[in-house]
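The structure appears below as structure tokens.
The values are calculated or read from the model by the stated rules, or taken from the named source; none is laboratory data. Since the structure is predicted, the reported quantities are computational estimates derived from the model, not experimental observations. Virtual Cβ from ideal backbone geometry, glycine too; neighbours counted across all protein chains shown.
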Amino acid sequence: MQALDTFLPRFDVNETHSISLACEAERALELALAAPAAPGRLVTALFRARGLPPGASVQGLFHRMGFDTLSSSTTEVVLGACGTPWWPSGRLGPFVDPRPGTVRVATDIRATPVDGGCILSTETRVLAVDAAARRAFRRYWVVVGPFSALIRRRWLRAAKGATTRDACGGTGGRS
């Protein structure tokens, strides 16, 4: 069982992305958490439009947005928050404080060992506290969901790039 199941076993919406990496799972997770939260101009523009700090690491971004670390091991981190992300300010607070009209959000970043490397993945789950929050979130997700998916895929690619540079002594294979 993955740690995410402990915190949000049921959900209204989920999104999962993964990528294969040729490195140890522990190292892949370290690099994924340290990767730039806004890799590239498009993601930087999306972050600025939302008022998010583009200069943060992936892990730093989650903490700045109000996510708590719910669980952490050498191969998996689970982050969570509760609030009304459909408002421009984000209005996120502690995961353990689900109030009426809010959703609980839990995200994991996990590296699973496989022959020759690992699978680095991220899954985000959202559970509404009530029907009003579910309707509000679903309207929001129609617009934001595709961009969320794009950002997470870019994070995984940035982590893959970092593993390549790391394996090449930090030079990306260039002299």
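Only one of the listed residues (94, 113) is more than 15 Å from the chain's Cα centre (by Cα) and at pLDDT below 95. That residue is 94.
For the stretch 155-169, which residues satisfy the criterion of being over 18 Å from residue 55 (Cβ atoms) and modelled with pLDDT of 80 or more?
Matches in the stretch 155-169: 156, 157, 160.
Summed over the stretch 117-144, residues that are in a helix (DSSP H, G or I) and either touching a Lys or Arg at 6+ places or on another chain (Cβ under 6 Å) or loosely packed, with under 14 Cβ neighbours inside 10 Å (or both) total 6. With respect to the conditions (1) buried (at least 22 other Cβ atoms within 10 Å of the Cβ); (2) among the aliphatic types (A, V, I, L, M); (3) assigned to a helix (DSSP H, G or I), residue 78 falls short on a single one, namely (3).
Scanning the stretch 120-164 for residues being among the basic types (Lys, Arg) and closer than 23 Å to residue 27 by Cα gives a total of 5. Here residue 33 passes the criteria (1) assigned to a helix (DSSP H, G or I); (2) over 17 Å from residue 121 (Cβ atoms); (3) aliphatic (A, V, I, L, M) except the one numbered (2). The one condition from (1) touching a helix residue (DSSP H, G or I) at 6+ places or on another chain (Cβ under 6 Å); (2) closer than 23 Å to residue 118 by Cβ; (3) surrounded by 18 or more Cβ atoms within 10 Å (Cβ to Cβ) that residue 43 does not meet is (2). Report yes if residue 73 is more than 24 Å from residue 132 (Cα to Cα) and surrounded by fewer than 17 Cβ atoms within 10 Å (Cβ to Cβ), otherwise no. Yes.
For the stretch 109-131, state whether one or more residues are in contact with a helix residue (DSSP H, G or I) (Cβ under 8 Å, 6 or more places away or on another chain), farther than 24 Å from residue 75 by Cβ and of a type in the set (A, V, I, L, M, F, W, C). Looking for residues that are in contact with a helix residue (DSSP H, G or I) (Cβ under 8 Å, 6 or more places away or on another chain), farther than 24 Å from residue 75 by Cβ and of a type in the set (A, V, I, L, M, F, W, C), one finds at least one in the stretch 109-131, hence yes.
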